[in-house]
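In what follows, a single structure is set out as structure tokens and then discussed.
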Amino acid sequence: MAPSTKLPKDFIWGFATASFQIEGSVDVDGRGKSIWDDFLKLPGKSLDGKNGDVASDSYRLWKEDIALLASYGVRSYRFSLAWSRIIPLGGRNDPVNPKGIEFYSKFIDELLAHGIIPFATLYHWDLPQGLQDRYGGWLNKEEITLDYQNYARVCFEAFGDRVKHWLTINEPWCCAVLGHGRGVFAPGRSSDRNRSPEGDSSTEPWIVAHNIILAHAKAVKVYREQFKPTQNGLIGITLNGDWAMPYDDSPENIDAAQHALDFAIGWYADPVYLGFYPPYMREVLGDRMPDFTPEEWSIVKGSSDFYGMNTYTTNLCRAGGDDEFQGLVDYTFTRPDGSQLGNQAQSAWLQDYPDGFRALLNYLWKRYKLPIYVTENGFSVKNESDVNADEAVKDFDRVHYFQGTTKALLDAINVDGVDIRAYFPWSFLDNLEWADGYTTRFGVTYVDFETQKRYPKDSARFLIKWFKEREDPETAAKWDAKATKTVPPVFGDRTNLANGAASSKAASKLGSEAALPPTRWGVRTTFMKFLAALLAFIR
């Protein structure tokens, strides 16, 4: 019998973002500074010298953005809460900001009014600067675990009656390695004194990761004991990690691929789901690898209701590398015959290889045996920031990427039997791509950062059509019935896609303002758009 071409009942799909990358309005309504605010204003910390003061302006344009999501027909939206907008100084004895609570409460209500499930991330890298200054942030186990528990409790109390899907921490690997090992992310600590005035790359990443895992587990304990009995939600952590494939079939390279997975994924997933750190990590790190007490292990093991998965690419792995953060494994995209694994993205670390996505889904399901929520997956198109909106919306390479990953997703579910409950492509909007500034775009919606105008890309068209065609009809009807507000579909006729790419007629409409929900931008915006176009023509 041929496998089903439909998604499972109650499958969730939507798009994902993070607060600091899209909100802007960093000094509005009582928000305190995060560690990223001043970090990106230091010389050389972002590729284009820009920061998050405005970003995609979503704090101001939140209603328009939700209307656009609704017009896309999404079932869910993964967003993050800004800790320093809710508790400006961050600590358990610091005041809660009523304006921050009010903003996110209205935001959640508006999502629900459109029938969109709120999928909330508590922490997406934007630690309050007050906690970094006060005691070193994630380096201080005793203080940060208490303050994070308090912050989580405030959020559960304020929003948990409506939010039923929680993510505690997004990609702790990045906080540990990029923030405290390589020093390229806030707070910018490393042993390289040309890059960082402070830090020890040989010890701090392992300490930070350890403390993040414990903080996550203690927040989950608070939720399960104090809130879940009445709120009935799910809670878990979401981990980055890409598929690791042996460079060839030699035993040492087969081992290298597993070692890469141990350091990229097992570092966090093994403690949370299995109750131990990978033995290979202890072999490499020795006494630099922290350990939990028996009481802490009892809290850590089993502290996620599902597997939250952020993944983008596949690495070919060779033994003999010298990078501890990669498990002493050398990564490459070049096969032994000299060919490339896939299409190259703007991001140097990313190539398009959907077979690796399917393989990783199978690996995680077999190893950890919990339902998988794919909370990020996406592609940055080469030189997308160097072209105008009319060209950028024709994002063929991103469409090609999603053609591959959606097929892999469906095959993993219906052929391989992997229990996958959700898929959130990254990202809903072009945004501040951390240390890349605005030079790298992952959005399925183009953002003109001069005018803050939004233009749906071909990739948005593809994904909307793909999910609508494969959604379980009963599930679709149930969710449609929950909406109390309606917005016309942004693309109207959804039959104008051939083989996953927009027809020339449809593509010509992508930049049209008529295709978008009504906006409130006025004469100044129109003038700025004209001026930007004139300057581009002169250049």
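The values are calculated or read from the model by the stated rules, or taken from the named source; none is laboratory data. Values in this document were obtained by computation on a predicted structure and should not be read as measured data. Please note: Cβ atoms are built from the backbone with ideal geometry, for glycine as well, and neighbour counts cover all protein chains shown. Please note that ligands, DNA and RNA were not included when accessible areas were found on the heavy atoms of the full protein model with its side chains. Shrake-Rupley method; radii C 1.70, N 1.55, O 1.52, S 1.80 Å.
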Seminar exercise, completed: Of the conditions (1) surrounded by 20 or more Cβ atoms within 10 Å (Cβ to Cβ); (2) out of contact with any strand residue (DSSP E or B) (no Cβ under 7 Å at 6 or more places or on another chain); (3) part of a loop (DSSP other than H, G, I, E, B), the single one that residue 53 does not satisfy is (1)
Seminar exercise, completed: Of the residues in the range 116-157, those that are within 28 Å of residue 68 (Cβ to Cβ) and open to solvent by 10 Å² or more (accessible area, probe 1.4 Å) come to 117, 125
Problem set entry | Total residues in the range 413-426, condition part of a loop (DSSP other than H, G, I, E, B) and either open to solvent by 20 Å² or more (accessible area, probe 1.4 Å) or at pLDDT below 95 (or both) | 4
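Kindly indicate which of 292, 276, 263 is in contact with a Pro (Cβ under 8 Å, 6 or more places away or on another chain), surrounded by fewer than 22 Cβ atoms within 10 Å (Cβ to Cβ) and among the hydrophobic types (A, V, I, L, M, F, W, C).
Working: 276 fails: in contact with a Pro (Cβ under 8 Å, 6 or more places away or on another chain); 263 fails: surrounded by fewer than 22 Cβ atoms within 10 Å (Cβ to Cβ).
Exactly one of 292, 276, 263 is in contact with a Pro (Cβ under 8 Å, 6 or more places away or on another chain), surrounded by fewer than 22 Cβ atoms within 10 Å (Cβ to Cβ) and among the hydrophobic types (A, V, I, L, M, F, W, C), namely 292.
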For this session: Might you check whether a residue that is within 17 Å of residue 400 (Cα to Cα), at pLDDT below 95 and either exposed (fewer than 14 other Cβ atoms within 10 Å of the Cβ) or hydroxyl-bearing (Ser, Thr, Tyr) (or both) occurs anywhere in the range 503-517?
Result: yes
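For residue 94, are the conditions met, namely being over 23 Å from the mean Cα position of the chain (by Cα) and in a helix (DSSP H, G or I)? Walk me through how you get there before you give the answer.
Numbers: over 23 Å from the mean Cα position of the chain (by Cα): yes; in a helix (DSSP H, G or I): no.
So residue 94 does not fit the description; no.
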Exercise. Tell me, which residue of the range 427-461 that is surrounded by fewer than 24 Cβ atoms within 10 Å (Cβ to Cβ) and of a type in the set (Phe, Trp, Tyr) is farthest from residue 80 (Cα to Cα)?
Worked result: 455
Exercise. Do we have any residue at all in the range 333-346 that's closer than 20 Å to residue 170 by Cα, open to solvent by less than 10 Å² (accessible area, probe 1.4 Å) and small (Gly, Ala, Ser)?
Worked result: no
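Inspect all residues belonging to the range 114-130 and state whether any of them is free of Cβ contacts under 8 Å to residues at least 60 places away in the same chain and more than 22 Å from the chain's Cα centre (by Cα). I'd like the intermediate steps shown before the answer.
Filtering the range 114-130 down to residues free of Cβ contacts under 8 Å to residues at least 60 places away in the same chain leaves 118, 120, 123.
After this cut, where a residue has to be more than 22 Å from the chain's Cα centre (by Cα) as well, the list is none.
No, that holds for no residue.
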For this session: Return yes or no: is residue 285 in contact (Cβ under 8 Å) with a residue 40 or more places away in the chain, of a type outside the set (Gly, Ala, Ser) and more than 24 Å from residue 370 (Cα to Cα)?
Result: yes
Exercise. Does the range 234-256 include one or more residues that are open to solvent by 50 Å² or more (accessible area, probe 1.4 Å), in a strand (DSSP E or B) and of a type outside the set (Phe, Trp, Tyr)?
Worked result: yes
